[in-house]
1. Can you give me the relative contact order of segment 474-556 as a percent, contacts being Cα pairs under 8 Å and 6 or more apart?
2. With +1 on each Lys and Arg Cβ and -1 on each Asp and Glu Cβ, how big is the dipole of the chain about its Cα centre, in debye rounded to the nearest 20?
3. Would you pull out the residues with amide H under 5 Å of residue 675's amide H, same chain only if 5 or more places away, H placed 1.01 Å from N?
4. Estimate the FRET efficiency between residue 420 and residue 33 by the formula 1/(1 + (r/R0)^6), using the beta-carbon distance for r and 60 Å for R0, to the nearest 0.05.
5. Can you give the three extents of the C-alpha atoms in segment 254-328 along their principal axes, from longest to shortest, in whole Å?
6. Considering the options 450, 368, 419, tell which one lies farthest towards the positive end of the dipole of the chain, charges being +1 on Lys and Arg and -1 on Asp and Glu at the Cβ, about the Cα centre.
7. Which translational diffusion coefficient, to the nearest whole µm²/s, is obtained for segment 246-370 from the Stokes-Einstein equation, given a Kirkwood hydrodynamic radius over C-alpha pairs, 10 °C and 1.306 mPa s?
8. What does the charge count around residue 197 come to, taking other residues whose C-beta lies under 12 Å from its C-beta (Lys +1, Arg +1, Asp -1, Glu -1)?
Amino acid sequence: MFPSPIAIVILSFLFLPLTLAAQTTEEKKLKDRQEKIELIMRLQDRRSLDNGKLISFISDVDSLVRERAVLAFGSIQDTSAIPLLLEALTDVDFKVQQSSAFAIGQTAGQLCITSLQAIQHSLVWSRLDHTRAADRMIEEIGKFGTEEALNDLVLRFGIGHPLLHTEAMMMSIARFAIRGIISNSAVRYLLQFIKPADKAPWQAVYALQRIGNHEETRHELEYIVLLKNHENPLVRMHLAILLGKIKDEKTSLEPLQKLAEFDRDSRVRINALKALSNLDLKTHGDVAGTFKRAFADRNTHVALAALWAFGNSGLKESDSSEAAKETFLLLRRIAENTENHYVWQMQGEAAVAIAKLVGAAALRYVVPTNWPQPLLQAQLLTAAAYTGGSEAVTILSGFLESRNPTLVRAALDGLQILSQRNPDDSALIQRTYEASLGALRAHDVSVVTTAAGILGDSLFRRSMSLDPLLETLSSLRLPDDIEAMQEIISTLGKIKDMRSVRDLQSFLRKSDRSVALAAVSALKSITGRDHLSDLPRSFEPLFTDFDFAYLRSLPDTVLVRMETIRGDIDIELYKNIAPFTVMSLLKLATQRGFYRGLTFHRVVPNFVVQGGDPRGDGWGGPGYSLRSEFSVFAFDEGAIGMASAGKDTEGSQFFVTHSPQPHLDGRYTMFGRVIAGMDVVDRLQVDDRLFDIKLVR
């Protein structure tokens, strides 16, 4: 029997208060979560624990609040939180465990050796058994562990069947190797994964190439070269790097040549060409033909890599084969580019290559005159320096008074290169020193940074530079002059004059952490004492934008379109991973039209393309600095990251990766990923135009 309509109405009124109460409770819960997360974001940006408030969120009842709190410590990197982060490895929520492992990896390296040894022993032999984030924690140990921890990991997980946590172990060993920590047992652990060759995981080959030339690896070269036929291009890419580091011409030359000429993936060809330049090719003149054919590769990145590699090969036209003579002939033709058959990027690279290989005789091919492209002129100035000829001094000096800072920098760098090639030429050394000293007075951060770096070179390091350096340092301001401040402070540390100590101490409490850390390093070099304890507990940012209303208006994943001269690139931006970075880019793009018409000023084949600089030379920004927002996300192919001059110095410049770059993980802010148009990214060249960045949704 069904209730009557009147009964239904009565029941509805009876249950309405309960429904409203449930809605009110849920709304309150969501509001409470939002307020806590926004406070966490504030504290993370300010690098503040707020008298323990941030630490208290690690034990909050809300798992999302706990996750965001532990993740914040991956950027703040305060060692006082490590005990609680270790406990969070057993949190009921898996994401909290993952984020905690990441935060420990980011922070533990700052501990004293005794505390570090205790923590790594506890992790390897106890705590890994009680967390579902064991894979993440094993990889993170590679960021901070000692050689003892590396051997313990191999002992714990490298013996027995089946092997456990294999991918995490490979990446952990790679991260140890990046820090210069290597063990025979770790190499042997990796080598078991290259047999059979067609089943080898790319992470194992990546770790082996990070380790480089090792006796255990050399014993297995006959098996390692079989990886050249692996179906995964990442395996072949890292194989090429590994063979280039081992430098065994007998075993490696032929497979590298085949990878350089015939591999279907341009990134593999790039790596193979660079690896070939590491080998002793003096008795293998026919290899020049491999480079020559690569000069004409349809992929400009490959052609540029071939020109760079040939320039560093050490091959000589006089003592090589007919193939080498033909290659040198083509190289001259590209460097001269009299009929503009080649793009200027290739001309510039060819000019530097022939200058390195031929010396003074190449000067007539690289004279930087009558070229309207300043970036090409800068490369030609570099080429003139590499010729080593005395005439290059006059050429370089003629650009020291240029109005274009790119050319002034190139002239200064060129004089330094020329001096290094002629260290007994006292007149040249003095000329370079005086030019660098004068450049300290330039009103341009890039020129001042370059000059300060040269004055720190052992050829030009003099106590009489002290006063000009300190005078320039006192005139610089944050955030626009961060890199110049860092470089001058570094040079003061190299000069080691006690008169600079008081000035350097004043920078320990500068609001920029990277500048303060540079001062710590310089003071230790001068006084022999560690001044880390003199740093403040936290550094207040010069710029904050806590526009939470704007952030709330954005979806968790924001789609933007980057319109370039080569085509469109669709990108997802992740608000919850790097909220202030995403907000800054969107505001710059949509409210200021900041990116409209800028260029991609840096392209490194099979590494990154970089843009977002209003100056167009890598030295500009939006007029403020952002705080780094590190996360568990990896820099895989097509990852979008923020360029920086050190932690917490991000601005408007971004980069896109051509292939996975694990060494960037946890060191740069990753805030998005290419979802369409990766082929466009792979075609971008230096000075290509970025028309605009537009919000799609």
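Nothing in this text is a laboratory measurement; each read-out follows from the coordinates by a stated rule. Here the structure is a predicted model, which means the values were calculated and not measured. Every residue, glycine as well, gets a Cβ built from its backbone with ideal geometry; the counts of neighbours run over all protein chains shown.
1. Details: 73 pairs, mean separation 22.4, N = 83.
27 percent.
2. Details: 79 positive and 84 negative charges, 77 e Å.
Using Cβ point charges on Lys, Arg, Asp and Glu, the chain gives about 360 debye.
3. 570, 571, 572
4. On the way: r = 59 Å, r/R0 = 0.98.
In this case the efficiency is close to 0.55.
5. Principal axes ranked by extent give 33, 20, 17 Å for the Cα atoms.
6. Of the options given, the answer is 450.
7. On the way: Rh = 14.4 Å.
Estimated diffusion coefficient is 111 µm²/s.
8. Summing Lys/Arg as +1 and Asp/Glu as -1 gives 0.
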